[in-house]
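So the structure is just underneath, and the comments pick up after that.
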Amino acid sequence: MSARYREHASPERLRPFVECFWSMGPGEALPEYPVLPDGCVDIVYSPSTGPQIVGTMTRVQRFTIAAGQLQIGVRFRPGTAPGFVRVPGCQTTDRLLPWDDAWGAEGRQLSARIGEAKTAEQCIALLEAELVSTSESDVVRKMSAYIVQRGGQVRVDDLAFDAAMSARQLRRVFLEQMGLTPKHFCRVIRFRHSLPRLRGTPRGDWTQVALDCGYYDQAHFINEFREFSGYTPGEFAALPR
């Protein structure tokens, strides 16, 4: 049996910051499990690695999931992670960092407690209890939420105007907190927004998907999709879910 992925609702106090907690139940080994860019940062725990910070991605990354192991994680909404993981986004982009690097002895103690838990729900409860934001800035969080709401179809100059910043200032703040420029983040979210549109679309006819998601044309969409996922839309749509 393959690994079983489940999403768990976050508590009310964390909903502005956390998309979901998730777990992957024991099953067969998955040596090339693909994870696509989505603009989010995750904390992931498995018995073999302990807690790790998975930074914002700019391209597909493939992970090895060992057979018979439970994995859990928390997926932060775009722009909200730095205050929880205690590491600036610019230091985590496309990287996996041991949680101990940010949390030290506190992180090691939590890892030990999670390792003794018996169920995914117990593991998630332990992780949830430790999530307290230390961030006071919410400019990037608000801008990120707006970009997500608009499916990535946002002009950077408009964002800067709304934030009462210059485009250069907004770029610097985004890079520091998210590890991506506003323009790059918009591209990631536009790609993410396109994924569910592939279902039910006739194979090879991506023109309407491209236009609806803000791409210039089908060729632009295919090139961007391949850059972020490693697949053409047709190849991705044919993959087993």
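Quick look at the values:
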read-out: Failed item in (1) polar (S, T, N, Q); (2) over 25 Å from residue 193 (Cβ atoms); (3) part of a loop (DSSP other than H, G, I, E, B); (4) touching a His at 6+ places or on another chain (Cβ under 9 Å), with residue 69 passing the rest; value: (4)
read-out: Members of segment 194-238 found to be within 19 Å of residue 60 (Cβ to Cβ) and acidic (Asp, Glu), listed by number; value: 224, 227, 235
read-out: Pick from segment 132-141, criterion assigned to a loop (DSSP other than H, G, I, E, B) and not acidic (Asp, Glu), ranking: surrounded by the most Cβ atoms within 10 Å (Cβ to Cβ); value: 133
read-out: Scan of segment 187-206 for residues that are closer than 16 Å to residue 77 by Cβ and touching a helix residue (DSSP H, G or I) at 6+ places or on another chain (Cβ under 8 Å), ordered by number; value: 188, 189
read-out: Some residue of segment 58-67 being among the aromatic types (Phe, Trp, Tyr) and either without any contact (Cβ under 8 Å) to a residue 24 or more places away in the chain or crowded, with 21+ Cβ neighbours inside 10 Å (or both); value: no
read-out: Criterion (loosely packed, with under 14 Cβ neighbours inside 10 Å and either more than 18 Å from residue 93 (Cα to Cα) or not hydrophobic (A, V, I, L, M, F, W, C) (or both)) met by exactly one of 155, 171; value: 155
read-out: Segment 12-30, residues that are touching a Leu at 6+ places or on another chain (Cβ under 9 Å), surrounded by 15 or more Cβ atoms within 10 Å (Cβ to Cβ) and of a type outside the set (A, V, I, L, M, F, W, C); value: 23, 25
read-out: Condition broken by residue 124, with the remaining ones in (1) closer than 27 Å to residue 174 by Cβ; (2) at pLDDT 90 or above satisfied; value: (1)
read-out: Residue count for segment 1-43, restricted to those that are in a strand (DSSP E or B) and touching a residue at least 40 places away in the same chain (Cβ under 8 Å); value: 13
read-out: Failed criterion for residue 146 (all others in (1) more than 21 Å from residue 17 (Cα to Cα); (2) in contact (Cβ under 8 Å) with a residue 12 or more places away in the chain hold); value: (1)
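Residue-wise test of (1) touching a strand residue (DSSP E or B) at 6+ places or on another chain (Cβ under 7 Å); (2) surrounded by 15 or more Cβ atoms within 10 Å (Cβ to Cβ); (3) under 21 Å from residue 15 (Cβ atoms).
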residue: 79; (1), (2), (3): no, yes, yes
residue: 93; (1), (2), (3): no, yes, no
residue: 106; (1), (2), (3): no, no, no
residue: 109; (1), (2), (3): no, no, no
residue: 126; (1), (2), (3): no, yes, yes
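The rows are residues; the columns are (1) of a type outside the set (S, T, N, Q); (2) assigned by TED's automatic domain parsing to the domain that holds residue 192; (3) surrounded by fewer than 19 Cβ atoms within 10 Å (Cβ to Cβ).
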site: 10; (1), (2), (3): no, no, no
site: 32; (1), (2), (3): yes, no, yes
site: 45; (1), (2), (3): yes, no, no
site: 88; (1), (2), (3): yes, no, yes
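The values are calculated or read from the model by the stated rules, or taken from the named source; none is laboratory data. Because the structure is a prediction, the values reported are computed rather than measured. In this analysis, Cβ positions are derived from the backbone assuming ideal geometry, glycine residues included, and neighbour counts consider all displayed protein chains.
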